[in-house]
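Engineer: Can you read through this structure? Questions will come right after.
Each value in this text was obtained by applying a stated rule to the coordinates, not by laboratory testing. The structure displayed is predicted, hence computed values, not measured ones. Cβ atoms come from the backbone with ideal geometry, glycine included; neighbour counts cover every protein chain shown.
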Amino acid sequence: MNVQEEKLVRLSELPAGVNAVIKSHDESEFRLTLMEMGCVPGEPVSVQMIAPLGDPMAINIAGYYLSIRKNEADKIWVECI
């Protein structure tokens, strides 16, 4: 195993306050919508708040806050920085 191998996790798994970079999306109907909202590979993202019951979550991406449902965030793969 390569020591520098990327550790990818789903955006929905990150706790509040964690910074990451978007690496890819799962293939889905919602993929284009995510990209139109600024969730493009290479874009830095940080989890700002998570609702008390875990859904939705607020992320900071492309200079603005975006509220996203957990099942939508589950389709985004990120690398923590």
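Engineer: Short version: ³J(HN,Hα) in whole Hz for each residue of region 14-23, in order, from phi by Karplus 6.51 cos²θ - 1.76 cosθ + 1.60 (θ = phi - 60°), x for Gly and Pro, what are they?
Structural biologist: Rounded to whole hertz, the list is 6, x, 4, x, 8, 9, 8, 10, 5, 10.
Engineer: By counting other Cβ atoms within 10 Å of each Cβ, how are Val47, Val9 ranked from fewest to most? Could the numbers behind the result be given before it?
Structural biologist: Numbers: Val47 22, Val9 15.
Result, fewest neighbours first: Val9, Val47.
Engineer: Another question, if that's okay. How much net charge surrounds Ile50 when only other residues with a Cβ under 12 Å from its Cβ are counted (Lys, Arg +1; Asp, Glu -1)?
Structural biologist: Details: positive: Arg69, Lys70; negative: Glu13, Asp55.
Once positives and negatives cancel, what remains is 0.
Engineer: If r is the Cβ-Cβ distance from Leu53 to Glu27 and R0 is 35 Å, what FRET efficiency results, to the nearest 0.05?
Structural biologist: Values: r = 28 Å, r/R0 = 0.80.
With R0 = 35 Å, the Cβ-Cβ based efficiency is 0.80.
Engineer: May I pose another question? Can you give the local net charge around Ala62? Use residues other than it whose beta-carbon is closer than 15 angstrom to its beta-carbon, Lys and Arg +1, Asp and Glu -1. Show your work: numbers first, answer last.
Structural biologist: Details: positive: none; negative: Glu36, Glu43.
With Lys, Arg at +1 and Asp, Glu at -1, the net is -2.
Engineer: What ranking of Cys39, Cys80 emerges when the number of other C-beta atoms within 10 Å of each C-beta is taken as an exposure proxy, fewest first? Present the calculation step by step, with values, prior to reporting the outcome.
Structural biologist: Working: Cys39 25, Cys80 12.
In order of increasing Cβ crowding within 10 Å: Cys80, Cys39.
Engineer: For region 24-31, take each phi angle, set θ = phi - 60°, evaluate the Karplus expression 6.51 cos²θ - 1.76 cosθ + 1.60, and give the result in whole Hz per residue in order, putting x for glycine and proline.
Structural biologist: Per-residue couplings from phi come out as 6, 10, 6, 5, 7, 5, 7, 4 Hz.
Engineer: Please report Leu34, Leu8 as a ranked list, fewest other C-beta atoms within 10 angstrom at the top and most at the bottom.
Structural biologist: Lowest count first: Leu8, Leu34.
Engineer: Moving to a separate point now. Name the long-range amide H neighbours of Lys23: under 5 Å, sequence gap of 5 or more, or other chain; modelled H, no Pro or chain starts.
Structural biologist: Gly42, Trp77, Val78, Glu79
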